[in-house]
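Here is the structure we will look at.
The values are calculated or read from the model by the stated rules, or taken from the named source; none is laboratory data. Since the structure is predicted, the reported quantities are computational estimates derived from the model, not experimental observations. All Cβ positions, even for glycine, are placed from backbone atoms using ideal geometry, and neighbour counts span all protein chains on display.
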Amino acid sequence: MEQINRVKSISVWIFIIPFVAVNACLILITQFHEFFPNQEDIIHNTFPYFDGGASISRTARPFPSWLIFKPAMFLTSYILIKYWIYNKQIIEFFDFNHKNKKKILYFGVASAIALTIHSIFLGIKFDNDLYKLFRRVIMLLFIICEIVAQAYLVASLYSFKNKLEMYINTLFLKLKIILVSTLIVVAIISIPIISLPGNDFFGFNLKFFKHALEWDYFIGVISFYLLTFFMWKKIN
């Protein structure tokens, strides 16, 4: 089935492109300060996956970081749309009337659109509370739609896993289920905390926690696609 080979081939790029882009922005802004015309934009001595020293948007929005970040996110959004279309076709091949096939496509495409909108507005400065709220809502919609689409997909594949024995490595399907379940639990626990006004939580500075969570959650979300690459067997 050609769609399986297509999903396998593009899924690894959905992992590689954003991973390389985001970390390239991090390296650029922390190590190559001479490239930044505004010295207030540079960042020193941080590894945000652990210390939460900067958010992803903080490393990606200054010039020239956004020259890397924005094209990479636009390309990722395009590939994401193709990914979810192919997965809908795969589900139809094994179970044409499956109840989740449209939900997978709708949420998956919605996540790609939200990522595109977020990338367009990244770095645009507009001192307005409504605009700031709009950016937060778009980012939240991306996360919600992405996780919902992933959850529906793994649940659908697992529902007819016996038909997939020739096509997949079931170990990676189980790993994808564990990953998505973990992302959902972390989101449920973290959203009430990170939604609190200000950055103080019983004497604990939430700013660094929010930033570290953002970077680590980003790795979790895109790792779903890396597991996709290993899950599907190449179909001759």
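Condition check ((1) of a type in the set (D, E, K, R); (2) under 22 Å from the mean Cα position of the chain (by Cα)) across all residues:
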residue	(1), (2)
L26	no, yes
F32	no, no
E40	yes, no
D51	yes, yes
S57	no, yes
F63	no, no
W66	no, yes
F69	no, yes
Tally, over region 18-35, of residues that are surrounded by fewer than 18 Cβ atoms within 10 Å (Cβ to Cβ) and of a type outside the set (F, W, Y) = 7
What about V148, is it of a type in the set (V, I, T), out of contact with any helix residue (DSSP H, G or I) (no Cβ under 8 Å at 6 or more places or on another chain) and either in contact (Cβ under 8 Å) with a residue 12 or more places away in the chain or not in a loop (DSSP other than H, G, I, E, B) (or both)?
-> no
Every listed condition ((1) in contact (Cβ under 8 Å) with a residue 24 or more places away in the chain; (2) of a type outside the set (D, E); (3) surrounded by fewer than 18 Cβ atoms within 10 Å (Cβ to Cβ)) holds for Y86 save (3)
Assess whether I124 counts as being surrounded by 15 or more Cβ atoms within 10 Å (Cβ to Cβ), among the hydrophobic types (A, V, I, L, M, F, W, C) and within 25 Å of V109 (Cβ to Cβ).
-> no
Does F93 satisfy the condition of being surrounded by 15 or more Cβ atoms within 10 Å (Cβ to Cβ), in contact (Cβ under 8 Å) with a residue 40 or more places away in the chain and not polar (S, T, N, Q)?
-> no
Region 138-186, subset exposed (fewer than 14 other Cβ atoms within 10 Å of the Cβ) and touching an Asp or Glu at 6+ places or on another chain (Cβ under 9 Å), residue nearest to L213 (Cα to Cα) = F160
Would you check if I4 is crowded, with 16+ Cβ neighbours inside 10 Å, over 23 Å from R135 (Cα atoms), in contact with a strand residue (DSSP E or B) (Cβ under 9 Å, 6 or more places away or on another chain) and β-branched (V, I, T)?
-> yes
Given (1) under 30 Å from V20 (Cβ atoms); (2) modelled with pLDDT of 95 or more, index of the condition K103 fails = (1)
